[in-house]
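Engineer: Can you read through this structure? Questions will come right after.
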């Protein structure tokens, strides 16, 4: 246990908490006070920290997606579990028929089921955005769809590149939970970048020159 | 107050909570038990609900971004406040020099400040993703950057289309907080769409035919 704690740079109390919450499988008990932990425990602790940290999942949701990795569920089901888990903060009661119709207009060309969590969430977000008076956002929405397709193709390519079912399942969970955080982070950097180029072209050029002379 | 509650479909107790938390400015007091509320209160309640709901902000953070809208801060500062607010779940202590270097490689062409919250968050997420063994993700990252640039251009275009400083500031806050949620939603729909086209082309074609015959 103390070695596992050192290797993963995670306090013993936190490791015990993960065990108690059934996020981490128990070690192989070798005596009443000793248990053996292996590489899969190290790997699992890093996954738990990634999901609870930048992934933004709560403990119950992390337990659910980890359960999906460890199960025999076929990949499309793992995708479904991961998608619903990372969409939890959308309150579906905030969705009405008019909002769903707006979402369907936007996703008109998509081959998806009616209960796709992204469809409902799209409707909830559009409703909120239009509720605050942002009503001429059609072009903004369309460009978001274009970007989402680029990212979805990248997500599926990364999963396909994995060799085994278990590696694929873990990539689905990591990619779904941390992909949102990655995109949000890149979007913030891209906003400043685009804004600098538009409104402070001299500064953008100066930064470019500093970099290429290094 | 009861009229405001009806118009916005928000319980009186919730409106009182928003007032108490200084999310909503007080009405014009006309008698000890009466206050007058205007269109700006209706609009503000919808904004609060959007930020606390699909926007995923907590009360303190919502108060901060609303304060930025109501202030005289120039727009780039409002962008900064909104960006930091909606990036709160990244723990910067999880970032080390190696992760920042990886982020800078990825964002190499970007004209941004060292303390851009997206740069730090990108480093934290890359660290988490590589910590769980996803080490050959360079192509995946690059395509996310491409998509983030499309979205950032769309974000700035929407802000530019607004006429006044206050409308621009509100669009910055709404776009930053709800844009993340919108993209995450669209990404989920796009994942199922791309997956159906790749692995169930007959079903994708059947859905297309059903739609065009309607």
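Computed from the coordinates by the stated procedures, all read-outs in this text should not be read as laboratory data. All values reported here derive from a predicted model rather than from experimental measurement. Quick reminder, even Gly has a Cβ in these numbers, built from the backbone with ideal geometry, and neighbours come from all protein chains shown.
Engineer: How many residues, within the range A:109-138, are more than 7 Å from chain B (Cβ to nearest Cβ) and farther than 17 Å from residue B:208 by Cα?
Structural biologist: Within the range A:109-138, residues that are more than 7 Å from chain B (Cβ to nearest Cβ) and farther than 17 Å from residue B:208 by Cα number 9.
Engineer: Within the group A:106, A:57, which residue is closer than 15 Å to residue B:184 by Cα, more than 22 Å from the chain's Cα centre (by Cα), more than 7 Å from chain B (Cβ to nearest Cβ) and buried (at least 18 other Cβ atoms within 10 Å of the Cβ)?
Structural biologist: So the residue among A:106, A:57 that is closer than 15 Å to residue B:184 by Cα, more than 22 Å from the chain's Cα centre (by Cα), more than 7 Å from chain B (Cβ to nearest Cβ) and buried (at least 18 other Cβ atoms within 10 Å of the Cβ) is A:106.
Engineer: Which residues, counting only those in the range A:171-202, are facing chain B (nearest Cβ under 9 Å), crowded, with 22+ Cβ neighbours inside 10 Å and over 20 Å from residue B:115 (Cβ atoms)?
Structural biologist: A:171, A:174, A:175, A:176, A:178, A:179, A:180, A:183
Engineer: Got at least one residue in the range B:151-161 being part of a loop (DSSP other than H, G, I, E, B), closer than 27 Å to residue A:103 by Cβ and either in contact with a strand residue (DSSP E or B) (Cβ under 7 Å, 6 or more places away or on another chain) or more than 7 Å from chain A (Cβ to nearest Cβ) (or both)?
Structural biologist: yes
Engineer: Give the residue that is farthest from the other protein chains (Cβ to nearest Cβ), with candidates limited to residues of the range B:61-74 that are under 20 Å from residue A:195 (Cα atoms) and within 16 Å of the chain's Cα centre (by Cα).
Structural biologist: B:68
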